[in-house]
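Colleague: Dropping a structure here in structure tokens format, bear with me for questions.
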Amino acid sequence: MYRRLLSVMLFVLLALAGNAQVSVSVQEPPAGIVQKKQLWNLSLIYSGNNPVSVMIGLTLVDLADNQPVLTAYTRPVTLVKGVKQLKAADIEPIDYQYFSPAFGRLGDALLPIGNFQACYTVYTDAKIENQVLSENCISIEVQPLSPPQLTMPTDSALIQQPWPQFSWLPPAPVTLFNDLNYDLLVTEVRSDQTAGAAIQENMPVYNMRRLTTLINNYPSSAKRLDTGKVYAWRVIAKNGENYAAQSDVWTFRVTQEQPEKPARFSGAYIEVKQGSDYTATVTVSDNMFGVKFYSYEKGHESVIRFMDEKGEVIKDIKKTIDYGNNLMVFKLDQAFKKDVTYFIDITDLQMSHYRASFRMAN
């Protein structure tokens, strides 16, 4: 009995002495995507002379409501004097306990969107409770790689329909979200405002919350959008009720003008692609030339350049390139000669070139 009591007292003294000997340094993940295993990128600094066995506890708190979402404890780790760098593989198996369904489905996947505080506690590896050697806390901000991307109406579009259809692409990666939904805002832009200021300052003319689809139709029962006015719109992605990311602000205008009718064309479209090794050739008949080009960027004005085999520019034509598939028809004039190979070149907003070649028919 006396020996057991003496052993316990000796261990307590050693543990108390260890308080000043062990410290924990955590490598804070950059804001963005965070994997669960990245929570364990840390270092233990031990200044004692004798080896000591410790275990590490982690509590992850969601700062939205200050509630813990998970706790975890590692297997014992032996420290010797110096710095011991650790990662998840060095301290497995790790015993996790989850307090949030979103985290219970994690496995080894990515942390959900949100702002968290991760607190680490280093304990002595013993059967004595609350022997804390060191503590440290860090903040973790999990964000999507890309926000939602607006697609239709394109930026600065003129539309004939006073009840437009809105569409967008989800933020990426979608696996970060366990309850992905969207708020859609449409507001009028005054002549003295930018589109961004209008979204921030003006009352919305249309405001839909908790949308779960990527398409929303302006209802015919709502107030008709006025012709001639400029409207701004934005999509906000949320995880449950928590803000996650927001799109750019695009504008559109309802007009009574009729769109330009495309030239009648019954021939094949040549697909303009990226890469100098793409040399597919089509023969142009009746001076009509069809071009197919898929754009991953928002609507913008681009210069379509026609060149000869020497690289000299024959003609520049300005065209609006929309997001998605663009089918364009050109009528070639007398500047283009028969039996000569020409090139069409399209440059995107990142200054990448897309090219194809063609010849006039005999």
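Colleague: Which residue pairs have Cβ atoms closer than 7 Å, lie 6 or more positions apart in sequence or on different chains, and pair a first residue in the stretch 323-340 that is touching a residue at least 12 places away in the same chain (Cβ under 8 Å) with a second residue that is open to solvent by less than 50 Å² (accessible area, probe 1.4 Å) and among the acidic types (Asp, Glu)?
Modeller: Between residues of the stretch 323-340 that are touching a residue at least 12 places away in the same chain (Cβ under 8 Å) and residues that are open to solvent by less than 50 Å² (accessible area, probe 1.4 Å) and among the acidic types (Asp, Glu), the close pairs are 323/297; 340/308.
Colleague: Further question: So is residue 60 at pLDDT 90 or above, aliphatic (A, V, I, L, M) and touching a helix residue (DSSP H, G or I) at 6+ places or on another chain (Cβ under 8 Å) or not?
Modeller: Values: at pLDDT 90 or above: yes; aliphatic (A, V, I, L, M): yes; touching a helix residue (DSSP H, G or I) at 6+ places or on another chain (Cβ under 8 Å): yes.
Answer is yes for this residue.
Colleague: I need the full set of residues from the stretch 45-77 which are of a type in the set (S, T, N, Q), within 23 Å of residue 114 (Cα to Cα) and open to solvent by less than 30 Å² (accessible area, probe 1.4 Å), in order please.
Modeller: Residues of the stretch 45-77 of a type in the set (S, T, N, Q): 47, 49-50, 53, 59, 66-67, 71, 74.
From what is left, the residues that are within 23 Å of residue 114 (Cα to Cα) are 59, 66-67, 71.
The one that is of a type in the set (S, T, N, Q), within 23 Å of residue 114 (Cα to Cα) and open to solvent by less than 30 Å² (accessible area, probe 1.4 Å): 71.
Colleague: Name every residue in the stretch 101-118 that is at pLDDT 75 or above and open to solvent by 30 Å² or more (accessible area, probe 1.4 Å), in order of residue number. Before you say what the answer is, go through the steps one by one.
Modeller: Going through the stretch 101-118, the residues at pLDDT 75 or above turn out to be 101, 103, 110-118.
Those that are at pLDDT 75 or above and open to solvent by 30 Å² or more (accessible area, probe 1.4 Å): 101, 110, 115, 117.
Colleague: Does any residue of the stretch 210-223 turn out to be open to solvent by 30 Å² or more (accessible area, probe 1.4 Å), at pLDDT 90 or above and touching an Asp or Glu at 6+ places or on another chain (Cβ under 8 Å)?
Modeller: Yes.
Colleague: Inside the stretch 340-355, can you point out the residues that are buried (at least 16 other Cβ atoms within 10 Å of the Cβ) and at pLDDT below 85?
Modeller: In the first step, residues of the stretch 340-355 are kept if they are buried (at least 16 other Cβ atoms within 10 Å of the Cβ); the result is 342-346, 348, 354-355.
Across the stretch 340-355, the qualifying residue is only 348.
Colleague: All but one of (1) farther than 23 Å from residue 87 by Cβ; (2) crowded, with 20+ Cβ neighbours inside 10 Å; (3) over 15 Å from the mean Cα position of the chain (by Cα) hold for residue 148; which doesn't?
Modeller: The failed condition is (3).
Colleague: Which residue pairs have Cβ atoms under 7 Å apart, sit 6 or more places apart or on different chains, and have a first residue in the stretch 214-235 that is within 21 Å of residue 201 (Cβ to Cβ) and a second that is of a type in the set (Gly, Ala, Ser)?
Modeller: The qualifying pairs are 232/195; 232/198; 234/247; 235/247.
Colleague: Restricting to the stretch 64-87, name every residue that is closer than 19 Å to residue 123 by Cβ, under 26 Å from the mean Cα position of the chain (by Cα) and touching a residue at least 40 places away in the same chain (Cβ under 8 Å).
Modeller: none
Colleague: Only one of these conditions is not met by residue 139: (1) of a type in the set (S, T, N, Q); (2) surrounded by fewer than 16 Cβ atoms within 10 Å (Cβ to Cβ); (3) not in a strand (DSSP E or B). Which number is it?
Modeller: The number of the failed condition is (3).
Colleague: Kindly indicate the residue of the stretch 315-335 that is open to solvent by less than 60 Å² (accessible area, probe 1.4 Å) and part of a strand (DSSP E or B) and also farthest from residue 251 (Cα to Cα) among those meeting that condition. If you could, list the steps in order and put the result at the bottom.
Modeller: So in the stretch 315-335, the residues open to solvent by less than 60 Å² (accessible area, probe 1.4 Å) come out as 317, 321-324, 326, 328-330, 332-333, 335.
Right, trim to part of a strand (DSSP E or B) and you get 317, 321, 324, 326, 328-330.
Numbers: 317: 24, 321: 16, 324: 18, 326: 20, 328: 24, 329: 27, 330: 28 Å.
Only one residue fits best here, namely 330.
The values are calculated or read from the model by the stated rules, or taken from the named source; none is laboratory data. Quick caveat: nothing in here was measured; it's all calculated off a predicted structure. Cβ atoms come from the backbone with ideal geometry, glycine included; neighbour counts cover every protein chain shown. Keep in mind that these areas ignore ligands, DNA and RNA; they rest on the heavy atoms of the full protein, side chains included. Shrake-Rupley method; radii C 1.70, N 1.55, O 1.52, S 1.80 Å.
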